[in-house]
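A.B. asks: Shown below is the structure under consideration.
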Amino acid sequence: MVKIYHLFIFFTLIMLASCGTDDNLPPDTIPPSNITLTINDLSDDNTEPIRISKNLDIKVNAEDDRGVSKVEVFIDNQKINEDVTAPFEISVDVNSFETGEYTLKISVSDEAGNTASKEETIIIDNTIPSITNLSIANGTIIGGDQNELTFEVIDDTGIEKVNIYINDNNIEEITDDSYLVNIPTNDLADGNNEIRIVALDLTGNTSTANLNVVIDNSGPEITLESITEGQIVDALINFNPNVTDTFSEVITLEVLYNDQQLKLFNEVSNYSFDFDPEIYPVGAGNFKFIATDALGNSTTKEIRVENKRLLLTLNVPDNLVQQSTVEYWAFVSGADGKPLDTKQITRDISELKFYSDEEFTNDDIFTLTLVNYNNGNSYGLYSIQNLTRETPGKINLFGPKESRVLQLNVNYPSSGFSNTTSIRGRAIDHNGVEINDLFNISSFDPIWDENAGTEYSYVYANDPVTGNYSYEKIEKPFPNDYTLEATNFSTENIEQRTVEMTNSNQSMFFRLFGFDNEIAFNTDSYHEIFFGSIGRGTANYKVNTSFHKYRHRIALNDYITERVGLPSATYTRPNWNLDYSQNQNTISLTKDGQEHKVGQVYLTNQSNFDTRYSWVIVFDSQNQDNIVIPTIPEELSHLTLHSYSKSNTFEVRQVEISKYKGINSYSEYLNLVVKENKEYKEVSEEVDSIYKVINNSNALFIFWNFPF
């Protein structure tokens, strides 16, 4: 509001009231006076030129006896704007002006056209500050709480302040010339982040510098596939860690085991190395992987393990645990018989590993024992002694050779045979014997091998008194109304042979098996073609020469031999001696001879049949003189076998030492026979055994390697 304007109105009204007409006023020749300016809120009484930028905001006050009608703005005599309405406030956009010194003139006019003006020197500053020489380049990867950022800010008029923002958060304001700021990153998210520097000069010009940085406060990522938390370490491990970092370069990877450095990798990409647990003591172990990136960020990955000595691996077939089995266990014992590790075998287990929690060298020996607890409180046990960690190292068990019953105890009449003739018809898939003039036969299907089985029943009649021998091949299955007639039996291809046992006048027991072809031989699909005693010293026997292959067994007193082929003309008992004594659970052997390699002990009840057991123990007959019967583990304490072992001594029935043709050591026996759970006859064509039985009881023919 211009003061002169109000005075003019006031005096005009008085004059009109007193005179009643304008015609009495003299002409207005007096221009406005007392012009005052406010430029950008600054009064015009500054001693220095006013500096402006972008916008020029002018407020004009002037005095005039009749009032101001117009205000005009000139810059360097170029009219820029005007205002004809009080109050006189004029805005001028000066963005188009170059930075420099200008003359601002304000012209004030009244209604009569009288004009007065006022000039001021102004400086227009449209130059924004220059932000340069940033010490951190765009895209730089930074991390941690100490990241010094320096820069320069230059302006022709001077800097009022500089603000630094991180992701729109103001972290610092600088009002002096020290353009240095620390960029803390620990509270920032990894990845792309924006730093913004905003400089404001003294005239209000601003400039912004945007800096994109990558924050990396995280160490490298370590991925391991060769080991897991809580794993039992029992063999050489090849470690090949995958170490990556999203933003920075991986500089080092340090690997420690129980705080002992294993490896230190510097600026490489291949981190493969081997760890041999045998070098380190058994017990708890801790792997520590420490990866560091170029910014010093580190990641530590720790994996706790248990270092144990692997003694043995058992591969378990699906059908090992049968329906008749209540529980099936396996345990390993040290040389002293004390259990080292015990595990139950169930139908869903395919592999078991046995360990020693204590140090166990490759030369130390141990025993594996399998325990099959059947319905009826009956136990079958099988132990293999003198095992080492390397021999055999692994045993591939196989399930029992199961057969499906086709017919049981079917009787057929026999006719025309003498009273001294015995009739038999035994094979892998049927079992027939004459009882009270009736031939009783049961038939089975050997389902463990589709190639196993015979095509017919070989039934033979043998009269040890007359020496007559005949046979009949009967198609399977027997007809329902079939009768065994002596007249139907043949003597074709029957020859008499002689066998001599040197230096002996004892009665020989003889059993002969025939095989129709090579498949039958390989699947043990035999026909029994002779069974019984054949006399003393030199004895005669009958053989059907039409079979493809043969196997025979001869037993004489304490000597047994089983061999592929027809019997030799002569046999000589090995010059071995064997005896034993028992003191509770230790069996002491007295033996000689260098050829035998494998020994077996058979334990079974001679009394106290509340808990029935059958236990075979295999041992190194050349190098072992004392057989320690393994202690039944506490894990089996719920079984009667455990309580029985606490109050009873397991009873020995038979001890045996054997020589296998082609098997030159006990270690070879373990690797060739035990490791693959084979029958000895699958790898050896000939075996000789000397045995010792308790109280002159009947000897068992050569033990099966796995009797259940």
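The values are calculated or read from the model by the stated rules, or taken from the named source; none is laboratory data. Every value quoted in this text rests on a predicted model; they were computed, and no experiment measured them. In this analysis, Cβ positions are derived from the backbone assuming ideal geometry, glycine residues included, and neighbour counts consider all displayed protein chains.
A.B. asks: For the range 269-293, enumerate the residues that are outside any strand (DSSP E or B) and in contact (Cβ under 8 Å) with a residue 60 or more places away in the chain. Before you say what the answer is, go through the steps one by one.
C.D. replies: So the first thing to find is which residues in the range 269-293 are outside any strand (DSSP E or B), and the list is 269-272, 276-282.
Selection gives 281, 282.
A.B. asks: Tell me, which residue of the range 183-219 that is charged (D, E, K, R) and surrounded by fewer than 21 Cβ atoms within 10 Å (Cβ to Cβ) is nearest to the chain's Cα centre (by Cα)?
C.D. replies: Among those that are charged (D, E, K, R) and surrounded by fewer than 21 Cβ atoms within 10 Å (Cβ to Cβ), it is 190.
A.B. asks: Turning to a different aspect of this structure: Run residue 646 past the list (1) under 20 Å from residue 332 (Cβ atoms); (2) surrounded by fewer than 17 Cβ atoms within 10 Å (Cβ to Cβ); (3) free of Cβ contacts under 8 Å to residues at least 60 places away in the same chain and report the number of the one that doesn't hold.
C.D. replies: Exception for residue 646: condition (1).
A.B. asks: Would you point out the residue of the range 160-176, among those that are touching a residue at least 24 places away in the same chain (Cβ under 8 Å) and surrounded by 10 or more Cβ atoms within 10 Å (Cβ to Cβ), that is nearest to residue 131 (Cα to Cα)? Reasoning before the result, please.
C.D. replies: Of the range 160-176, the ones touching a residue at least 24 places away in the same chain (Cβ under 8 Å) are 160-168.
Then keep just the ones that are surrounded by 10 or more Cβ atoms within 10 Å (Cβ to Cβ); that gives 160-167.
On the way: 160: 14, 161: 12, 162: 10, 163: 12, 164: 12, 165: 15, 166: 17, 167: 19 Å.
Per the stated criteria, the residue is 162.
A.B. asks: Tell me which of these residue 126 doesn't satisfy, since it passes every other one: (1) in a strand (DSSP E or B); (2) closer than 17 Å to residue 203 by Cα.
C.D. replies: (1)
This table checks each residue for (1) under 17 Å from residue 602 (Cα atoms); (2) in contact (Cβ under 8 Å) with a residue 40 or more places away in the chain; (3) not assigned by TED's automatic domain parsing to the domain that holds residue 278.
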| position | (1), (2), (3) |
| --- | --- |
| 371 | yes, yes, yes |
| 374 | no, yes, yes |
| 378 | yes, yes, yes |
| 381 | yes, yes, yes |
| 384 | yes, yes, yes |
| 390 | no, no, yes |
| 397 | no, yes, yes |
| 407 | no, yes, yes |
| 410 | no, yes, yes |
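A.B. asks: For the range 99-141: of the residues being surrounded by 15 or more Cβ atoms within 10 Å (Cβ to Cβ) and touching a Pro at 6+ places or on another chain (Cβ under 6 Å), which is nearest to residue 209 (Cα to Cα)?
C.D. replies: So the residue we want is 123.
A.B. asks: Let me ask another. Considering only residues that are of a type in the set (D, E, K, R) and under 30 Å from residue 213 (Cα atoms), which ones fall in the range 236-294?
C.D. replies: Result: 245, 249, 254, 267, 293.
A.B. asks: Go through the range 483-495 and count every residue that is part of a strand (DSSP E or B) and touching an Asp or Glu at 6+ places or on another chain (Cβ under 9 Å). Spell out the reasoning first.
C.D. replies: Of the range 483-495, the ones part of a strand (DSSP E or B) are 484-485, 490, 494-495.
Imposing the further condition that a residue be touching an Asp or Glu at 6+ places or on another chain (Cβ under 9 Å) reduces the set to 484-485, 490.
Total meeting the criteria: 3.
A.B. asks: Please find, within the range 70-87, the residue that is nearest to residue 156 (Cα to Cα) out of those that are at pLDDT 90 or above and surrounded by 15 or more Cβ atoms within 10 Å (Cβ to Cβ).
C.D. replies: Going through the qualifying residues, I end up with 75.
A.B. asks: Taking the range 177-193 on its own, how many of its residues are closer than 19 Å to residue 133 by Cβ, not β-branched (Val, Ile, Thr) and not in a loop (DSSP other than H, G, I, E, B)?
C.D. replies: Applying the first criterion (closer than 19 Å to residue 133 by Cβ) to the range 177-193 yields 177-183.
After this cut, where a residue has to be not β-branched (Val, Ile, Thr) as well, the list is 177-180, 182.
If we keep only those that are not in a loop (DSSP other than H, G, I, E, B) as well, we get 180, 182.
Qualifying residue count, the range 177-193: 2.
A.B. asks: Only residues that are modelled with pLDDT of 95 or more and either closer than 27 Å to residue 573 by Cβ or part of a loop (DSSP other than H, G, I, E, B) (or both): list them for the range 496-524, please.
C.D. replies: Selection gives 512, 513, 514, 516, 517.
A.B. asks: If you scan the range 88-98, which residues turn out to be part of a loop (DSSP other than H, G, I, E, B) and surrounded by fewer than 17 Cβ atoms within 10 Å (Cβ to Cβ)?
C.D. replies: Our first condition is that a residue be part of a loop (DSSP other than H, G, I, E, B); within the range 88-98, this holds for 94-98.
The answer is 95, 96, 98.
A.B. asks: Moving on. Could you identify the single residue in 564, 598, 543 that is surrounded by 16 or more Cβ atoms within 10 Å (Cβ to Cβ), within 30 Å of residue 338 (Cβ to Cβ) and not polar (S, T, N, Q)? Outline the logic, then answer.
C.D. replies: Values: 564 fails: within 30 Å of residue 338 (Cβ to Cβ); 543 fails: within 30 Å of residue 338 (Cβ to Cβ).
Sole residue among the options that is surrounded by 16 or more Cβ atoms within 10 Å (Cβ to Cβ), within 30 Å of residue 338 (Cβ to Cβ) and not polar (S, T, N, Q): 598.
A.B. asks: A further question follows. List the strands (runs of 3 or more DSSP E) that sit entirely inside the range 556-634 and contain at least 3 residues that are within 43 Å of the chain's Cα centre (by Cα).
C.D. replies: On the way: elements: 559-564, 578-583, 586-591, 598-604, 612-620, 626-628.
Filter on the range 556-634 gives 598-604, 612-620, 626-628.
A.B. asks: When residues of the range 292-336 are filtered for being surrounded by fewer than 18 Cβ atoms within 10 Å (Cβ to Cβ) and touching a Ser or Thr at 6+ places or on another chain (Cβ under 6 Å), how many remain?
C.D. replies: 2
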